[in-house]
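Laboratory data are not the source of any read-out in this text; all were calculated from the coordinates shown. Keep in mind it's a predicted model, so treat the numbers as computed, not measured. Here the Cβ positions follow ideal geometry from the backbone for every residue, glycine too, while neighbour counts run over all protein chains shown.
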Amino acid sequence: MPTFSAGIIGLPNAGKSTLFNALTRGNAEVASFPFCTISPNVSQIFIPDPRLDKLVALIKPERVVPAWIEVVDVAGLIRGAHRGEGLGNEFLSRIRGVSLLVEVVRCFESSVPHPEGNIDPVRDAETIKLELIFSDLEIIERRLTRLNKLLKSKTNRTHQQRFELLTGLKKILERGDFPRLYLSRDELEMAEEEGLLSVKPLIFVANIGEESSSSLQAQKLRDFAEKERIGMVEICAQLEMELSQLGPEEEKSFREEMEVKNQNKAKLIDLIAKELELVTFFTVTGGEEVRAWAVKRGTPAVEAAGKVHSDMKRGFIRAEVLPVEQLLKIGDWKKARSEGKMRLEGRDYQVQDGDVIHFRFNV
């Protein structure tokens with residue numbers, strides 16, 4: 001199954017690598033000059049889930065593995081990137097493979113220079129929107145030219161469907177809109193296969209500072225996000241990065257002491273999972289391992305089995321399913337089975353959020 005990934009994008013000096021470090025407890029280089037990030041930084045973020053914590057407390061396994069999402073931090077995007085300005089072409093190619101875009105928009109004042117000369121989050125968001133649109137339009141034009149030639153030589157239903165889809169996408173992009181809001185689910189799935197940036201889910205991160213003007217700038221961005229129907233989270237990436245370098249207990253103590261109760265980092269991860277339409281199921285391997293797995297909503301049991309191990313998909317027989325709340329209430333997997341609480345599901349069963357699953361399979 002594909003790896004779910006979030007690409008962190010934004011103008012230079014917006015705080016992309018700072019946010020990357022805050023989310024991943026990483027050590028990506030952070031500097032006050034454009035294009036500090038040349039090669040992409042790649043790591044993982046774990047999806048917080050109190051149900052996993054409760055399972056661990058109940059089972060006390062030797063190993064715990066949370067569900068995770070890959071995070072990619074790439075070079076900053078500037079005006080004219082679609083024409084190759086800055087690291088434009090390289091930047092754009094590196095984010096085509098991600099599942100979702102997290103756009104960091106600068107709302108803080110600082111001695112660090114802004115590439116446009118001043119702080120204006122709405123202008124910055126519109127700049128990146130246009131760059132994504134222009135880049136996709138160039139790709140669509142080339143693909144339509146090829147498809148038109150193919151259709152003239154031979155009628156093909158698949159080619160015709162692609163031609164009609166891309167023609168519709170072009171019209172939407174030419175009027176300055178992102179297509180996601182105007183497509184049916186089937187059309188969106190087809191559009192996502194084209195690898196276009198403008199059809200990917202998008203989240204704004206308003207990177208704020210401690211100064212009062214940050215809140216005013218963040219509000220401007222929030223108004224723009226609501227108009228565009230884009231989810232947004234406010235984060236002080238610098239503070240969160242500094243806190244992430246502490247140990248868990250030290251971080252908790254510092255937050256309590258400084259009354260830093262902002263949990264927007266967790267809200268961002270939850271929003272990423274929501275935009276990707278992810279659900280979480282759990283596997284329990286005796287007393288050895290408790291593990292959470294993220295899959296797209298609607299995933300059939302046989303595909304979920306393949307995420308755990310390819311042999312499980314290949315030799316799938318059935319899935320034994322128990323909602324996590326019932327397992328926590330009953331307290332024991334074998335007891336739940338003897339009480340008839342376990343359900344037997346076939347390969348086409350759609351995995352539900354919170355399922356604890358034991359896959360039966362032939363080797």
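General observations
- Stretchable slack from Arg157 to Glu320, in nm (0.36 nm times residue separation minus alpha-carbon distance): 54.6 nm
- Among beta bridges identified by DSSP and lying wholly in the chain, the antiparallel ones come to about 50 percent.
- Its alpha carbons considered, the chain gives a radius of gyration followed by a Dmax of 22.9, 72 Å.
- Rg followed by Dmax, in Å, when segment 298-361 is reduced to its Cα trace: 11.6, 33
- Listed peptides 327-339, 147-159 appear in the order 327-339, 147-159 once ranked by packing, highest mean of other Cβ atoms within 10 Å at the front.
- Estimated [θ] at 222 nm from DSSP helical runs (n ≥ 4, -39500 (n - 2.57)) normalised by residues in the chain, nearest 500: -13500 deg cm²/dmol
- Cα gyration tensor category, rounded, prolate or oblate, for segment 123-163 with a/c compared to 1.5: prolate
- The chain: most fluctuating residue of Ser244, Ser212, Ser99 per GNM, C-alpha cutoff 10 Å: Ser212
- Sorted ascending by nearby beta carbons within 10 Å, beginning with the fewest, Met241, Met190 become Met190, Met241.
- At least 24 Å along the helix axis (C-alpha) and Kyte average at least -1.0, DSSP helices within the chain: 121-153, 157-174
- Cβ-based exposure ranking for Glu240, Glu62, in which fewest neighbours within 10 Å come first: Glu62, Glu240
- Pairwise alpha-carbon distances in segment 133-259 exceed 17 Å for 69% of all pairs.
- The charge dipole of segment 5-274, taken about its Cα centre with unit charges on the Cβ of Lys, Arg, Asp and Glu (plus for the first two, minus for the last two), comes to roughly 1460 debye.
- The mean sequence separation of alpha-carbon pairs under 8 Å and at least six residues apart, normalised by the residue count of segment 320-363, gives a relative contact order of 61 percent.
- Candidates Ala225, Ala237, Ala294: whichever shows maximal mean-square fluctuation once the chain is modelled as a Gaussian network with Cα springs under 10 Å: Ala225
- Relative to the current alpha-carbon distance between Glu189 and Lys149, full extension at 0.36 nm per residue lengthens the span by 11.9 nm.
- Residues Leu239, Leu344, sorted so that the one with the fewest Cβ neighbours within 10 Å comes first: Leu344, Leu239
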